[in-house]
Amino acid sequence: MAVGKVLTSLIASRRFALFAAILAFSALYPGGMSPAHAQAPSPGGPGAPRGVVQGFYDVLIGAMKDGRKLGFQGRFDRIRPAFEKAFNATLMTRVVVGATGWSAATPQQQDQAVDAFTRYSVANYAANFNDFGGEKLEVQGERQTQAGTVVETQIVPTDDKPVAINFLLRPVDAGSGGGGWKISDVFLDRTISELATRRSDFARTIQDEGIAGLIKRLDEKTREIAAATKQ
C-alpha cells in the first residue's frame, strides 16, 4: 500500500482517539501549544529542530527507495539508529507509562520499556514506509510554542492528498541524551498526538499489569507488525 493511503487510513482509524488526545493534552503539555513570542527561534544546522526532522526524513526516504531490496528487517535496522538519534524515546516512554507507573518501575524495567517502545515505533515506520513511488517528505517550517518547537511537515504522495504531520521538539541537555533537540511527540494530521494515542492504547494494560505487562504487549505487537508486513 502506498504511504499516502497508509497514512490516510491511520488518520481515519485514529479519529476515535482524538477525544482522548484532547483530554490528555493538558497533562502532556501544561504550557499548551500556543505561540510563545518571547522564545527565540532555534539556530539552524543539523542539530536544530528542522535539521533533526529533515535528517530523520532523509533516512526514511532512503529506506523507502531501497525498501524492496531491504525487506522489513533491513528497513528496521536502517531506521532504528535514525529514530534513536532523532526521538527522545525515554521521555516518550515515560509519558506513555505515566508518572506513577514509571516511578514504581526498577531502572532495568525502565530500560526494557524504552527498548520495547523504540522497537515498536521503528517497526511501525518500517512497515508503513516500505516502498518508494515518488513521494515527497517536506519540512515546511517551524514555530515556537510554550510546549516546545513545532516543526511543520507534510508527506506528499503521488496517489493521494498530502498528509500534514507536526513534530514537537524539546531541548535535551548533554547529561540525558547527548544535547541538542529531540522529538517528543508527533501529531498526525496536525491534531492527533501519538503520545496521547499510545497512552489510550495501552492504558488498560498498564493499569492491570504494570510496566512489565506493557513491555510484553509492546513486544507482541512488534512481532505482529513484522509478521503482517509482506515486503
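Could you say which residue among Ala123, Ala63 is within 30 Å of Gly210 (Cα to Cα), in a helix (DSSP H, G or I) and aliphatic (A, V, I, L, M)? Explain how you work it out, then say what you get.
Values: Ala63 fails: within 30 Å of Gly210 (Cα to Cα).
The unique qualifying residue is Ala123.
Residue by residue, here is whether (1) touching a residue at least 40 places away in the same chain (Cβ under 8 Å); (2) more than 24 Å from Phe72 (Cα to Cα) holds:
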site: Thr158; (1), (2): yes, no
site: Pro171; (1), (2): no, yes
site: Val186; (1), (2): no, no
site: Asp189; (1), (2): yes, yes
site: Ala203; (1), (2): no, yes
site: Gly213; (1), (2): no, yes
Next on the checklist: Let me confirm something: among Leu168, Leu91, Leu137, which residue is buried (at least 17 other Cβ atoms within 10 Å of the Cβ), touching a Gly at 6+ places or on another chain (Cβ under 6 Å) and farther than 21 Å from Lys230 by Cβ?
Outcome noted: Leu168
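Select from the range 104-118 the residues that are part of a helix (DSSP H, G or I) and open to solvent by less than 60 Å² (accessible area, probe 1.4 Å) and list them in ascending order. Let's see the steps before the verdict.
Of all residues in the range 104-118, those part of a helix (DSSP H, G or I) come to 104, 107-118.
Gln109, Gln110, Ala113, Val114, Asp115, Ala116, Phe117, Thr118 - these are the residues of the range 104-118 that are part of a helix (DSSP H, G or I) and open to solvent by less than 60 Å² (accessible area, probe 1.4 Å).
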Next on the checklist: Looking at Pro157 and the list (1) modelled with pLDDT of 95 or more; (2) open to solvent by less than 40 Å² (accessible area, probe 1.4 Å); (3) over 23 Å from Gly98 (Cβ atoms); (4) not basic (Lys, Arg), which single condition is not satisfied?
Outcome noted: (1)
Next on the checklist: Pull out all pairs, ordered by first then second residue, where Cβ-Cβ is under 7 Å, the residues are six or more apart or on different chains, the first lies in the range 59-73 and is under 10 Å from Phe129 (Cβ atoms), and the second is open to solvent by less than 100 Å² (accessible area, probe 1.4 Å) and hydroxyl-bearing (Ser, Thr, Tyr).
Outcome noted: Leu60/Tyr125
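Just checking, does the range 155-173 include any residue being closer than 28 Å to Leu218 by Cβ, among the aromatic types (Phe, Trp, Tyr) and not in a helix (DSSP H, G or I)? Before you say what the answer is, go through the steps one by one.
From the range 155-173, those closer than 28 Å to Leu218 by Cβ are 155, 163-173; that's our starting set.
Now drop any that are not among the aromatic types (Phe, Trp, Tyr), which leaves 167.
Within this subset, residues satisfying the condition of being not in a helix (DSSP H, G or I) are 167.
Yes: one or more hits.
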Next on the checklist: I need a count of the residues in the range 96-125 that are under 15 Å from the mean Cα position of the chain (by Cα) and among the small types (Gly, Ala, Ser).
Outcome noted: 3
Next on the checklist: Residue under question is Ala126, and the condition is that it be surrounded by 20 or more Cβ atoms within 10 Å (Cβ to Cβ) and within 20 Å of Asp66 (Cα to Cα); does it hold?
Outcome noted: yes
Checklist outcome for this item: Apart from one, (1) of a type outside the set (S, T, N, Q); (2) closer than 16 Å to Phe202 by Cβ; (3) open to solvent by less than 10 Å² (accessible area, probe 1.4 Å) all hold for Val150; the odd one out is (2)
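The values are calculated or read from the model by the stated rules, or taken from the named source; none is laboratory data. Source: prediction; values computed, not measured. Neighbour counts are summed over all protein chains in view; Cβ atoms, including those assigned to glycine, are modelled from backbone coordinates with ideal geometry. Just the protein is used for accessible areas: all its heavy atoms, side chains included, with ligands, DNA and RNA removed. Shrake-Rupley method; radii C 1.70, N 1.55, O 1.52, S 1.80 Å.
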